[in-house]
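Step one of this worksheet: look at the structure below.
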Amino acid sequence: MIWHYFKKDVRLMWPMALALTTLQTLSALRTVGLGHFNEPRLLYAFTTYLQFLVLLGIVVTSITVVHQDPLPGDRQDWLIRPVKRVDVWLAKVLFVLLVVLAPIFLIDIAEQLMLHLPLFVSLSAAASRFFVLLSVFALPALVLGAITRSFAEALVFGIVATIAFTLLTAMTIGMLPVGTMLERPQGVAWINVASAMLVMLITAVATLAFQYRHRRTALARGMALAGVSLAMATLAGLPSAYAMAIQRWTWGGVQGDGEVTLQFVADRRLTSVKRIESLPLSGESGARDAARAAAEAVMKQMEKGVYGQIHLPLQVTGVAAGNILFADQITARISAINGEVYFEGTGACIRSGNGVGIGCRMNQFEVHAVGPQNADLTGVPELMLPVTVYERIKDRSVRLELEFALTIFRPTQTQMIGTSVGVRQLSGLDSCATRIDSDGDEVEIRCLTNRNVPSCVAAALEDPQSGNRNPEMHACTPDYAPWPLHLPMDVVANTQLSLPFRDTTGLAHYPVDQSVIARAQISLTTYEPAEHFSRMLVIPNIRLADWAASRDLNPGASN
Amino acid sequence: MIIQTNNLWKAYGRHDALKGLSLSVPEGSALALIGANGAGKTTTIKVLMNLIEPSRGNATVLGVDSRKVSTRELAQIGYVSENQDMPERLTVAQFLSHVRPMYPTWDLELERSILTALRLPLDRKRRDLSHGMRMKMALACALPYRPKLLVLDEPFSGLDPLIRDEFMENLLEQAGAMTILISTHELADVENVATHVAFIEQGQLLFQESMNELTKRMREVHIRFAQTAVLPKDIPYSWLQPKALGNVLSFVETRFSETELSGKIASLLPAVREVDVQAINLRAIFNVLARDAQRKAG
């Protein structure tokens, strides 16, 4: 009867399925047609919501196919027919797989092939998106269909549940200390996402099985809401210790012990260190920089009332030339000399956020060993202690123990590309194009890729004739996922980097400037994690007030 | 028994729709489940069809607990209801094609003859059919596999008399060896088909018996007196709706036996001039029983 019910649903729902496939086709054509720079802009702006419509279409179609043979209620004809309910359930799943998601899978592959992306990776990326769409959208939508009688009821239930979850989330976040959501290390964020997806998948299958077997709608609704709550809690609040434990398990053989040593260097407090610029990762350059600066200022202001901030200069040795050392997580323990523990907390080092109690600001514990003289790197992690703890102990002599979860990023390869070239395939970055931006002050690099971009990228403008080179900029967005976890919007991601070569205020001068920009080359070095390990640093006696952030250091790294 | 319910209860929140209903449907019979709107007829049928679960008690259908009615039993049950949700966007022919493979005993010849008799427009979608046509469509999908049990829930509701007669005619033609359970609030609708009748009121079974016995024991009695009629002090419980009008006393005798009636009259009522005993039709029987039930319920 599975195939029989499937055919009936196809007969009834082919126009809707066709509309969804058309939307996905248009979305794919949009990605291919707009190219690397998303132009023309007007078309880009007008079609921005196409991908949302596809997701909406998946949800609506999945709900509707279940409503062809609704479960709640006692008037449905199909319930008095000699057909096994499990067959009807499987027919709905088959419909979603073959009629809703399979065309999207095929269109995804076609889209990637049109962008000249490799076939095998394209298949893998399309399969990954297929899985995400199934577990995050289609199966939950089937559940919503199974616990409601009509689309209007599903809509009302969905809206009420969304409002309830939003309020619950807001209340929960409001009760937590600032930054709790960002406690987890950035590189292991995929574990939260994958775990939440797994919870959603299990919830959906369990709820569907229960509802199709017992038709107890109230209980099934409870199961679904509990599952979604658990998935949300997993996504936002899976303890970083668990995430790191899972991550360590997946790392397996690449865990090493390295040669790296960390040492607290009290005399480096006033060291003038050179700031390494980070690469803007996405968004529109002008607005992006302003927004980022404003957000940071607001965050800093807010944190002042909540946290006591301490900067600790650390000397780092043993990082091989060209490598990047990155702290994924720092666990701090502050105790009195007599052993009384004042504070214990874990924080993550991420590019633009803070952990609970302890955290790393942008560039504050990420050191880059350039050239052969790499023995003297300085990193300045920032500890953020709850202000009540800080005020209580800041003038006391305390013992500070810091455990660092560290990763060494090793360069995999360096590739050169012109500043204004058409499409070129770059290893690890896939289909890339470059151009001078409309302001004439930056070179834009855009890459369309169907896999995880390298965790770190370093880029610099070079003039091949004079040998001049602009300061290297690097971006680390660690992602330790063992396989690409595609977001549902599009199978192809547009990654962008911008390299400045002209200061519009005229205050700074770049060695490679507008006069030679046409012949300049971009040197792009990609990095991948090579070693994960931990280090313990113990400062037996320290007075925290001496290292307060108000006596600010110039953050960054030196070489 | 094809159907048997034992002390069946069903509660919707605080409201008890069924209150200890015990009912049996003998094989080969056509039982009319009679009751006013809201009496619990549809609830009973939904429990039997495993569309809802009873709160207490149990029911068996084709020898199987109603909670466990599965595809094997459903393949032998035909179900027609005024509240049957079928796919609205399928045509009659498409829906027949959809249900046909579900029944191993589906008889194509029988289907054709039923469709001819019912004059159903095969190419019309269900949403475009009138209520009467929808009921005919449901019947056309319930008969061709020659079900052992045919359950009809208020099949005549909203049907005009012509369609109702046609419907009954077709039903009678195909009835054969089927056991039929038919719920209605109009006993007269099923006079020609019902062999048994069960009267349900406020979730309780008031009585159940064969039509023959029912019509045999129910009589309308008019007693004429020489003077003004007066109701006796101790009216027998079997006399329903007694009323005195002028010199005539009327009532419905629900346990009619000529000798017993004569005895009761002789002992209770002096100076009787004439006794007139008449058989009454099923509609009148239903009305009398319904009013009496309502009176007892207060």
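The figures follow:
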item	result
Residue identified as in a loop (DSSP other than H, G, I, E, B), buried (at least 19 other Cβ atoms within 10 Å of the Cβ) and within 14 Å of chain A (Cβ to nearest Cβ) among B:Y79, B:Y145	B:Y145
The range B:203-214, residues that are more than 15 Å from B:G40 (Cβ to Cβ) and crowded, with 18+ Cβ neighbours inside 10 Å	B:M211, B:L214
The range A:483-521, subset under 26 Å from the mean Cα position of the chain (by Cα) and not in a loop (DSSP other than H, G, I, E, B), residue nearest to A:S124 (Cα to Cα)	A:A493
Strands (runs of 3 or more DSSP E) enclosed by the range A:292-346 - at least 1 residues per element that are touching a Ser or Thr at 6+ places or on another chain (Cβ under 8 Å) and at pLDDT 80 or above	A:314-317, A:324-336
Test: residue in the range B:253-260 that is out of contact with any Phe, Trp or Tyr (no Cβ under 7 Å at 6 or more places or on another chain), without any contact (Cβ under 8 Å) to a residue 40 or more places away in the chain and surrounded by 19 or more Cβ atoms within 10 Å (Cβ to Cβ)	yes
Unmet criterion (only one of (1) crowded, with 21+ Cβ neighbours inside 10 Å; (2) modelled with pLDDT of 90 or more) for A:C447	(2)
Residue that is farthest from B:T44 (Cα to Cα) [pool: residues in the range B:58-74 that are polar (S, T, N, Q) and either within 9 Å of another protein chain (Cβ to nearest Cβ) or in a strand (DSSP E or B) (or both)]	B:T71
The range B:87-113 - residue that is within 12 Å of chain A (Cβ to nearest Cβ) and in a loop (DSSP other than H, G, I, E, B) and, of those, surrounded by the fewest Cβ atoms within 10 Å (Cβ to Cβ)	B:P104
Matching residues, the range B:145-160, being modelled with pLDDT under 90 and on the phi < 0 side of the Ramachandran plot	B:P155, B:F156, B:S157, B:L159, B:D160
Residues (hydroxyl-bearing (S, T, Y), within 14 Å of B:Q204 (Cβ to Cβ) and in contact with a helix residue (DSSP H, G or I) (Cβ under 8 Å, 6 or more places away or on another chain)) located in the range B:24-64	none
Residue check for B:T215: touching a residue at least 60 places away in the same chain (Cβ under 8 Å) and among the hydroxyl-bearing types (S, T, Y)	yes
Which listed residue is without any contact (Cβ under 8 Å) to a residue 60 or more places away in the chain, part of a helix (DSSP H, G or I) and more than 14 Å from chain B (Cβ to nearest Cβ), from A:A138, A:A102, A:A161	A:A102
Verdict on A:L79 being within 14 Å of chain B (Cβ to nearest Cβ) and among the aliphatic types (A, V, I, L, M)	yes
Test: residue in the range A:47-65 that is part of a helix (DSSP H, G or I) and within 14 Å of chain B (Cβ to nearest Cβ)	yes
Residue among B:A194, B:A188, B:A229 that alone is within 17 Å of B:L33 (Cα to Cα), of a type in the set (A, V, I, L, M, F, W, C) and crowded, with 17+ Cβ neighbours inside 10 Å	B:A194
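Here is a yes/no grid of residues against (1) assigned to a helix (DSSP H, G or I); (2) within 14 Å of chain B (Cβ to nearest Cβ); (3) farther than 28 Å from B:V151 by Cβ; (4) of a type outside the set (A, V, I, L, M, F, W, C):
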site	(1), (2), (3), (4)
A:Y44	yes, no, yes, yes
A:L71	no, yes, no, no
A:L97	yes, no, yes, no
A:H116	no, no, yes, yes
A:V121	yes, no, yes, no
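This table checks each residue for (1) among the hydroxyl-bearing types (S, T, Y); (2) within 33 Å of the chain's Cα centre (by Cα); (3) over 30 Å from B:F167 (Cα atoms); (4) outside the structural domain of B:A39 (by TED's automatic domain parsing).
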{"position": "B:H196", "(1), (2), (3), (4)": "no, yes, no, no"}
{"position": "B:F225", "(1), (2), (3), (4)": "no, no, yes, yes"}
{"position": "B:K233", "(1), (2), (3), (4)": "no, no, yes, yes"}
{"position": "B:S238", "(1), (2), (3), (4)": "yes, yes, yes, yes"}
{"position": "B:T259", "(1), (2), (3), (4)": "yes, yes, yes, yes"}
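The values are calculated or read from the model by the stated rules, or taken from the named source; none is laboratory data. Given the structure is predicted, the values throughout are model-derived calculations rather than measurements. Glycine gets a Cβ as well: all are built from the backbone with ideal geometry, and neighbour counts include every protein chain shown.
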